[in-house]
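For reference, the structure is listed below as structure tokens.
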Amino acid sequence: MPEVAKAAMVSEATAYRYFPDLASLLAKALAEDWPTPAEALAPVGSSNDPVERVAFATRFLLQGVAERQAVVRSMISATIAQPDLASRARPGIRFGLIEHALAPFVDVLDAAGPQLLAQLRLDLAVVVSAEALFCLIDLCGLSTEDAIDSAETTARTLTAAAFQQVS
């Protein structure tokens with residue numbers, strides 16, 4: 001925060017008045033840096049293919065995370081160190097993208113059983129995430145592009161499997 005206050009040409013006290021901690025500042029910066037889910041998914045907005053919509057959302061999020069990697073890693077680190085920050089500090093962009101990608105199909109999924117939609121949302125939350133991207137890069141040794149490809153493939157597979165249960 002001292003460096004942020006200096007860069008913003010305000011006192012530390014002023015910086016802390018608006019942002020109680022670095023995680024809060026990063027969350028605000030990240031939230032304002034991303035388009036809305038509707039804007040992000042506009043290129044597939046007219047698609048009736050849930051797999052295509054989810055794949056696009058996955059790639060969109062993970063490319064954005066890769067571009068903002070230092071800030072996202074700092075945010076994750078802060079919320080690991082202080083778990084109470086997670087619910088208020090992390091912007092949760094993935095959930096909006098997942099919801100928007102699945103929105104045209106909610107009735108179909110609900111008709112097949114509400115647990116199917118709930119499970120698909122959970123499954124996608126694991127894959128359509130910065131944590132998944134960093135695991136694939138840091139622990140599996142993939143390049144950023146290969147990691148994004150892998151996560152997209154997994155998201156496609158999960159979505160297709162869920163919708164096979166509907167037919």
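The values are calculated or read from the model by the stated rules, or taken from the named source; none is laboratory data. What you are looking at is a predicted structure, and each value in this text was computed from that prediction instead of being measured. Positions of Cβ are generated from backbone atoms using ideal geometry, with glycine treated the same way; all protein chains shown enter the neighbour counts.
Of all residues in the range 75-91 being surrounded by 14 or more Cβ atoms within 10 Å (Cβ to Cβ) and not hydrophobic (A, V, I, L, M, F, W, C), which is modelled with the highest pLDDT?
Thr79
Pairs needed: first member in the range 148-167, among the polar types (S, T, N, Q); second member anywhere, exposed (fewer than 13 other Cβ atoms within 10 Å of the Cβ) and assigned to a helix (DSSP H, G or I); C-beta distance under 9 Å; at least 6 residues apart or different chains.
none
Tell me, yes or no, whether the range 13-22 has at least one residue that is closer than 18 Å to Ile98 by Cβ and either surrounded by fewer than 14 Cβ atoms within 10 Å (Cβ to Cβ) or modelled with pLDDT of 75 or more (or both).
no
Of all residues in the range 130-151, count the ones that are surrounded by fewer than 21 Cβ atoms within 10 Å (Cβ to Cβ) and either within 15 Å of Arg53 (Cβ to Cβ) or of a type outside the set (Phe, Trp, Tyr) (or both).
14
Listed residues Ala57, Ala66; which is in contact with a helix residue (DSSP H, G or I) (Cβ under 9 Å, 6 or more places away or on another chain), closer than 18 Å to Leu136 by Cβ, surrounded by 18 or more Cβ atoms within 10 Å (Cβ to Cβ) and in contact (Cβ under 8 Å) with a residue 40 or more places away in the chain?
Step by step, each of Ala57, Ala66 is checked, and only Ala57 is in contact with a helix residue (DSSP H, G or I) (Cβ under 9 Å, 6 or more places away or on another chain), closer than 18 Å to Leu136 by Cβ, surrounded by 18 or more Cβ atoms within 10 Å (Cβ to Cβ) and in contact (Cβ under 8 Å) with a residue 40 or more places away in the chain.
Return a yes/no flag: does the range 106-128 have any residue that is more than 13 Å from the chain's Cα centre (by Cα), farther than 16 Å from Val51 by Cα and not in a helix (DSSP H, G or I).
Yes, there is a match, as at least one residue in the range 106-128 is more than 13 Å from the chain's Cα centre (by Cα), farther than 16 Å from Val51 by Cα and not in a helix (DSSP H, G or I).
Taking the stated definitions as given, is Ser47 surrounded by 12 or more Cβ atoms within 10 Å (Cβ to Cβ) and modelled with pLDDT of 90 or more?
In short, yes.
With respect to Arg53, is the statement that it is over 14 Å from the mean Cα position of the chain (by Cα), closer than 16 Å to Arg94 by Cα and part of a helix (DSSP H, G or I) true?
yes
Could you tell me whether any residue of the range 115-134 is among the polar types (S, T, N, Q) and closer than 21 Å to Leu41 by Cα?
Yes, there is a match, as at least one residue in the range 115-134 is among the polar types (S, T, N, Q) and closer than 21 Å to Leu41 by Cα.
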